[in-house]
Amino acid sequence: MSEINTLREMRPAPPPAELEAMRMTARERFVAGTRSRRARRRSRLPALAGGLTAAVAAAAAAALLLTSGPGTVPGKHETGGRTRTVVTAAWTVREDADGTVTIYMRQYTDPAGLQQALRADGVNAIVRQGPGASPTFGNGTTALPATGNTYSTCNYADTAPRAVQRAVVTFAGQDLPARFIIHPDAMPPGSALFLPFLVGTRSPKNANTGIVAFPPVVLTSDTVPACGGPHS
Amino acid sequence: MTIDTQASDADLIARSLAEPDLFTAVFDRHSAEILRYVYARLGAELAEDVTAETFLAAFGCRGRYDGSWPDARPWLYGIAVRQIRRHRRVEARRLRLLRSALADGPAEDHSDRVVERVTAARLGPRLAAVLAALPRQDRELLLLFAWAELSYAEAAAALGTTAGAVKARLHRIRVRMRRELGGSNPMNEENGDE
């Protein structure tokens with residue numbers, strides 16, 4: 001049993017307070033997810049009962065075609081237990097049955113297609129080239145110490161409070177491919193999700209692609225504000 | 001909605017088909033344990049997220065739950081393992097970090113388990129490297145056994161296989177680990193598994 005005991009001792013564990021905080025956040029997401037799933041199910045029943053299955057399927061297929069941008073990989077639209085998935089060479093947008101929308105970002109190309117795919121999933125999204133949103137780095141050009149790569153960043157004004165940002169967007173990884181999880185239900189009325197496409201300048205010392213994934217930011221309106229807010 | 005605190009998970013899951021809110025009781029019973037496991041595998045960055053996804057997936061397929069298992073833990077771990085599989089890069093990075101952290105040496109510790117901790121610190125970097133090099137299925141099984149502390153039968157239920165197959169695979173994994181650790185484990189004991 002020695003290897004097993006040693007492995008048990010190696011197991012990383014969070015402090016109890018942190019564990020409980022994470023558990024409560026997970027619980028909120030779980031409860032919201034089950035409610036959203038049940039609400040969707042209820043709203044779909046009349047359409048199904050009315051014999052509209054074929055029409056719904058046709059509409060979904062049309063939406064998939066509309067949202068497929070340049071570089072789309074044909075035949076990769078999955079609809080199994082999920083509502084739908086749009087796959088292109090650059091990114092994947094998946095809408096789960098609970099309403100959560102996940103973006104898997106592989107390359108920062110086809111912003112218009114990504115914006116269209118997100119809007120089709122009910123996310124009021126704005127996707128365009130622009131500096132990365134970073135209250136920490138503020139406005140200007142920043143060289144990340146870890147890589148030496150240089151990026152334009154902006155402390156966008158008129159963004160939603162941090163608690164809202166956390167509720168709407170979670171993300172994993174700064175290197176591509178990155179994953180952004182969007183909870184459209186948590187977006188305040190009238191707000192928009194801004195996803196700036198940011199391509200940095202690669203440091204000659206670094207093999208990194210020079211691309212870093214800055215997460216989307218929730219704006220209080222659907223107009224992209226100018227840079228100018230103070231550093232936080 | 002009334003929740004019988006003595007009700008088995010199987011009862012709660014069956015009743016949740018008619019009263020979906022009852023499934024929250026299953027979350028409350030097991031989420032801390034599943035979260036700890038996910039945290040150990042993927043870190044804080046994804047722990048909340050993957051735990052919520054695990055229980056949402058469980059909620060979505062609760063109609064197929066095998067009611068002959070009163071305890072839902074093996075089923076939940078099986079779902080968690082599949083969710084964790086979607087984050088292979090994060091796990092690989094996590095294992096590299098674990099290896100580095102263990103290589104930094106043991107923290108001062110005056111608990112009763114200090115000997116095991118020192119052993120873990122001594123073997124940890126190599127063990128973490130062995131863990132990272134294991135085939136995915138082997139690593140999943142080993143960690144269900146070591147970190148989730150499931151029995152053979154429970155690990156088998158989680159992975160959709162038999163207890164006999166689990167026992168045989170674990171034996172093979174442990175032989176490989178001992179070989180790759182160079183047989184230098186000072187805590188080595190010649191006893192069985194359970």
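Could you tell me how many of the residues in the stretch B:29-43 are over 19 Å from A:Arg179 (Cβ atoms) and facing chain A (nearest Cβ under 8 Å)?
5
Determine the pairs where a residue that is more than 14 Å from every other protein chain (Cβ to nearest Cβ), located within the stretch B:157-179, has a partner that is among the aromatic types (Phe, Trp, Tyr) and surrounded by 12 or more Cβ atoms within 10 Å (Cβ to Cβ) with Cβ atoms under 6 Å apart, the partner being 6 or more residues away or on another chain.
As it stands, the answer is B:Ala158/B:Tyr77; B:Ala163/B:Tyr152, since those pairs meet every condition given.
Being farther than 18 Å from B:Leu144 by Cβ and part of a loop (DSSP other than H, G, I, E, B) is the filter; apply it to the stretch B:44-91 and report the residue that is nearest to the other protein chains (Cβ to nearest Cβ).
B:Cys61
Out of (1) at pLDDT below 85; (2) closer than 22 Å to B:Ala52 by Cα; (3) more than 12 Å from chain B (Cβ to nearest Cβ); (4) under 21 Å from the mean Cα position of the chain (by Cα), the odd one out for A:Thr67 is which?
(2)
List the residue pairs whose Cβ atoms are under 6 Å apart, where the first residue sits in the stretch A:1-27 and is more than 25 Å from B:Tyr152 (Cβ to Cβ) and within 7 Å of chain B (Cβ to nearest Cβ), the second is among the aromatic types (Phe, Trp, Tyr) and surrounded by 13 or more Cβ atoms within 10 Å (Cβ to Cβ), and the two are 6 or more positions apart or on different chains.
Taking only residues 6 or more apart or on different chains, the pairs are A:Pro14/B:Tyr39.
Looking only at residues in the stretch B:121-143 that are within 20 Å of B:Val166 (Cα to Cα) and aliphatic (A, V, I, L, M), which one is farthest from the other protein chains (Cβ to nearest Cβ)?
That would be B:Ala133.
Which residues, counting only those in the stretch A:129-186, are in contact with an Asp or Glu (Cβ under 7 Å, 6 or more places away or on another chain) and at pLDDT below 75?
A:Ala172
The values are calculated or read from the model by the stated rules, or taken from the named source; none is laboratory data. Please read these numbers as outputs of a predicted model, since none were measured by experiment. Here the Cβ is made from the backbone with ideal geometry for all residues, glycine too, and neighbour counts use every protein chain on show.
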